[in-house]
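Step one of this worksheet: look at the structure below.
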Amino acid sequence: MMVLNSSDSETEKEMYKRAVQLSQFGSSESSFIEAFSLLEQLAEKGWSNAQVHLAYLYLCGKGVETSSEKSEYWYKQAAKQGNQAACHALAIHYGTDMSELEKVYWALKAARLGSGPMQRKTAMNYYLGFGVPQNYFHAYAWFNVARANGEEVQKYLDKLEQFMPIEEICKSQEVARQLFEEIHLEGFGSNVQK
């Protein structure tokens, strides 16, 4: 993941700020075209957040001709750098075109980067055996992580507790605690990204 540092030019930071303003608050096609131009320059320099915004513009056809291939490319470039939003987008926007294994991969990667909705999705994947072997132990652990991040999952935890042995519940809770700590320790200090 690329992090803003003192060697980044102020011009690039200003370019990014302007591009985001144009893409989020611009009301004309010319605003999106200008945003696209700025984001493309930064994306090519490796700015992961610019890559995510650029992918979105390609996905929606704002300021550029719609291209799901180019959108996917830029989301994947950002995802390779550990950008949570990119992983989340890949798990959602490209779910219909991807194999079950790819869907699970992007959801798990986003979950490990701290995305509560993708933590819930990962838990559901294990709970239902969607794209992975059904595994209640891992489902219980990920439901606990998702719950700790504010996701409404208590009903699934209650269902699992009805038939999981207490020893397995305790071990799964320990795994959840370790996952939660890893996620939040890895994410600490990396909130400011290019």
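The values are calculated or read from the model by the stated rules, or taken from the named source; none is laboratory data. Note that the structure is predicted; figures quoted are calculated from it, not measured. Glycine also receives a Cβ, built like all others from the backbone with ideal geometry; neighbour counts cover every protein chain displayed. The accessibility values were calculated without ligands, DNA or RNA, using every heavy atom of the protein model including side chains. Shrake-Rupley method; radii C 1.70, N 1.55, O 1.52, S 1.80 Å.
Applying the condition of being touching a residue at least 12 places away in the same chain (Cβ under 8 Å) and either more than 11 Å from residue 53 (Cα to Cα) or of a type outside the set (Gly, Ala, Ser) (or both) to the stretch 22-36 and asking which residue is surrounded by the most Cβ atoms within 10 Å (Cβ to Cβ) yields 22.
Results for (1) at pLDDT 95 or above; (2) not in a loop (DSSP other than H, G, I, E, B), shown as yes or no for each residue.
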residue: 82; (1), (2): no, no
residue: 86; (1), (2): no, yes
residue: 106; (1), (2): no, yes
residue: 114; (1), (2): no, no
residue: 119; (1), (2): yes, yes
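Got at least one residue in the stretch 143-165 being open to solvent by less than 50 Å² (accessible area, probe 1.4 Å), among the hydrophobic types (A, V, I, L, M, F, W, C) and closer than 19 Å to residue 185 by Cβ? Yes, the conditions are met somewhere in the stretch 143-165.
Residues in the stretch 112-126 that are touching a residue at least 40 places away in the same chain (Cβ under 8 Å) and of a type outside the set (Lys, Arg) were compared, and the one that is most open to solvent (accessible area, probe 1.4 Å) is 113. Taken over the stretch 127-141, the criterion of being open to solvent by less than 50 Å² (accessible area, probe 1.4 Å) and in a helix (DSSP H, G or I) is satisfied by 127, 137, 139, 140, 141. Each residue in the stretch 39-59 was checked for being in a helix (DSSP H, G or I), more than 23 Å from residue 98 (Cβ to Cβ) and open to solvent by less than 30 Å² (accessible area, probe 1.4 Å), and 3 pass. Among the residues of the stretch 60-70, some residue qualifies, meaning at least one is surrounded by fewer than 21 Cβ atoms within 10 Å (Cβ to Cβ), over 22 Å from the mean Cα position of the chain (by Cα), assigned to a loop (DSSP other than H, G, I, E, B) and not small (Gly, Ala, Ser).
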